[in-house]
Amino acid sequence: MFEQILQTVIRHRGLVLLAVLAMAMLGLYSYQKLPIDAVPDITNVQVQINTAAPGYSPMEVEQRITFPVETIMAGLPGLDYTRSLSRYGLSQVTVIFREGTDIYFARQLVSQRIQEAQGQLPVGIEPSMGPISTGLGEIFMWTVENTSDARKPDGSAYTAADLREIEDWIIRPQLLMVKGVTEINTIGGFVKQYHVTPYPEKLIAYGLTLQEIVAALERNNLNLGAGYIEKRGEQYLVRLPGQVADLGEIGEITLGSRQGTPLRIKDVADVLIGKELRTGAATRNGDEVVLGTAHMLVGENSRTVAHAVASKLMEINRSLPAGVVAVPVYDRTTLIDGTIHTVASNLVEGASLVIVVLFLFLGNIRAAIIAALVIPLSMLFTFSGMVANHVSANLMSLGALDFGIIVDGVIVIIENSIRCFSHEQARLGRTLSREERLKLVFTATQQVRRALIYGQIIIMIVYLPIFALSGVEGKMFHPMAFTVVAALLGALILSVTFVPAAIALFLTGRVTEKGGIIISAGAFNSIGGRTGWTEL
């Protein structure tokens with residue numbers, strides 16, 4: 001079978017080179033689609049369930065929310081284990097699935113169980129699932145700051161609550177529209193709230209309770225529709241706009257009447273703008289700031305998404321109030337570019353060193369070029385395999401490539417072909433014809449095929465146990481093993497297709513078996529049974 005393949009390759013050498021060119025074009029296209037990151041993402045398949053419970057102590061959160069939610073997740077298909085966290089006002093349950101489980105299928109299962117758990121939770125408590133992201137999903141961070149002379153339209157200075165309002169209502173909605181962004185988290189500043197603070201003594205005097213105030217606020221803060229009136233073929237919509245717009249309207253809400261006099265909110269309570277109770281803050285250089293974080297969707301290219309978020313943030317800055325600016329403080333692109341530069345430098349330097357050594361030792365410029373071309377071609381072959389198998393380019397996957405191993409089999413074929421050409425020309429005393437050259441290429445490749453194929457397969461087998469790793473170790477080292485095996489497989493295929501075809505086409509004319517520059521610089525002598533180098 002090998003002989004038939006080799007004969008076909010040599011006979012149709014022009015088509016083989018065209019096929020190799022098409023493979024190289026596919027590799028270039030795949031390189032543009034290749035996901036690039038700094039390190040492999042080792043996050044497992046997980047779904048987070050977050051439940052806000054204002055006013056609940058950690059013990060109450062554990063007993064009334066965390067335990068029911070975590071218990072009802074038992075028995076899910078593909079479930080590995082669960083873990084939970086209960087804090088003041090917050091319950092977080094993390095559901096871990098076995099590797100290979102589709103994240104969207106897992107979220108669908110969790111969503112169904114959350115609906116079942118609703119009846120076991122306190123009234124008003126609604127669990128929600130976290131973003132579809134991973135531990136490496138935080139790709140971009142920024143702070144919302146203002147200059148010292150920045151002023152609001154009313155002339156007052158910006159406060160932390162004002163900056164948080166700009167973040168929540170201007171910056172966040174626009175960044176959520178960026179492709180590949182699944183969540184925008186904000187910390188710092190104060191969330192603006194409208195506070196109604198009753199006076200206990202007035203409530204007692206008027207015979208009111210807090211529940212009555214809450215009910216009045218809910219009842220008088222609604223927009224209702226009342227159908228429409230048809231007149232002359234037109235519809236006139238009837239609406240009851242009852243939603244309050246400012247502090248004054250909140251104070252005018254009626255609670256009832258006492259002795260014919262309306263009793264309003266402002267008669268028993270203060271109405272003012274306040275702040276949400278918070279449990280954390282963000283600082284930069286010792287000053288409190290509003291910090292935003294963009295989370296990347298699972299499976300997206302972090303470099304592309306981070307660049308898109310940075311571009312969108314620059315666009316948003318032009319629409320912010322004067323003196324307010326969103327300042328990037330962390331950009332994953334910087335880390336990725338540094339990693340790419342390190343990997344690219346190592347690859348280029350390693351490939352260049354191999355190419356130089358080939359030129360120095362082979363002694364034939366055309367043969368050295370053919371051997372050197374296998375390096376970029378095998379890399380392009382590897383890029384196509386990485387894209388097809390969703391393997392990202394990172395420090396682990398590309399940093400393990402050894403170009404010396406890649407061109408090992410190629411050099412053996414080229415050296416043996418040059419030897420056969422030289423000996424046959426010396427025997428015939430003339431240059432070889434095309435038919436004689438093609439026959440010798442077939443013979444030379446056939447002679448070394450066992451050593452070539454077995455040598456490459458043995459090296460690939462060495463990496464196979466790495467694919468048996470699971471969990472964090474598997475996610476960390478699988479990309480490395482896949483990249484090396486793919487590069488070796490590409491080099492093996494090229495050595496029995498591209499290399500014989502290229503030798504048959506380009507190694508024409510008189511071929512001499514001689515050493516390269518370094519080999520020619522010394523002579524190997526045997527004197528008195530001793531062997532050594534003698535400098536010329």
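The values are calculated or read from the model by the stated rules, or taken from the named source; none is laboratory data. It should be emphasised that the depicted structure is a prediction, and the values quoted were computed from it without experimental measurement. All Cβ positions, glycine included, derive from the backbone under ideal geometry; neighbour counts span all protein chains shown. Remember, those area values only see protein heavy atoms, side chains included, never the ligands or the DNA or RNA. Shrake-Rupley method; radii C 1.70, N 1.55, O 1.52, S 1.80 Å.
Summary of computed values
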read-out: The range 125-147, subset assigned to a loop (DSSP other than H, G, I, E, B) and either in contact with a Cys (Cβ under 7 Å, 6 or more places away or on another chain) or open to solvent by 40 Å² or more (accessible area, probe 1.4 Å) (or both), residue farthest from residue 38 (Cα to Cα); value: 126
read-out: Verdict on residue 373 being open to solvent by 30 Å² or more (accessible area, probe 1.4 Å) and more than 25 Å from residue 497 (Cβ to Cβ); value: no
read-out: Residue 410 vs. criteria under 30 Å from residue 300 (Cβ atoms) and open to solvent by less than 50 Å² (accessible area, probe 1.4 Å); value: no
read-out: Answer residue from the range 267-314, given it is acidic (Asp, Glu) and in contact (Cβ under 8 Å) with a residue 40 or more places away in the chain and is farthest from residue 43 (Cα to Cα) among those; value: 267
read-out: Filter result for the condition that a residue is over 30 Å from residue 27 (Cβ atoms), among the basic types (Lys, Arg) and modelled with pLDDT of 80 or more, over 439, 475, 514; value: 439
read-out: Matching residues in the range 329-349 - criterion: being under 15 Å from residue 402 (Cα atoms) and open to solvent by less than 60 Å² (accessible area, probe 1.4 Å); value: 343, 344, 345, 347
read-out: Flag if residue 352 is of a type in the set (Ser, Thr, Tyr) and either open to solvent by 50 Å² or more (accessible area, probe 1.4 Å) or more than 30 Å from residue 478 (Cα to Cα) (or both); value: yes
read-out: Filter result for the condition that a residue is in contact (Cβ under 8 Å) with a residue 60 or more places away in the chain, open to solvent by 40 Å² or more (accessible area, probe 1.4 Å) and not in a loop (DSSP other than H, G, I, E, B), over 49, 5, 42, 65; value: 5
read-out: Within the range 164-201, tally of residues that are outside any strand (DSSP E or B), touching a Lys or Arg at 6+ places or on another chain (Cβ under 9 Å) and either of a type outside the set (Asp, Glu) or open to solvent by less than 60 Å² (accessible area, probe 1.4 Å) (or both); value: 10
read-out: Among the residues listed as 157, 161, 117, 150, the single one being more than 24 Å from the chain's Cα centre (by Cα), aliphatic (A, V, I, L, M) and open to solvent by 40 Å² or more (accessible area, probe 1.4 Å); value: 157
read-out: Wholly within the range 429-498, helices (runs of 4 or more DSSP H) carrying at least 3 residues that are crowded, with 20+ Cβ neighbours inside 10 Å; value: 434-447, 471-496
read-out: Given (1) touching a Leu at 6+ places or on another chain (Cβ under 7 Å); (2) aliphatic (A, V, I, L, M); (3) open to solvent by 60 Å² or more (accessible area, probe 1.4 Å), number of the condition residue 326 does not satisfy; value: (3)
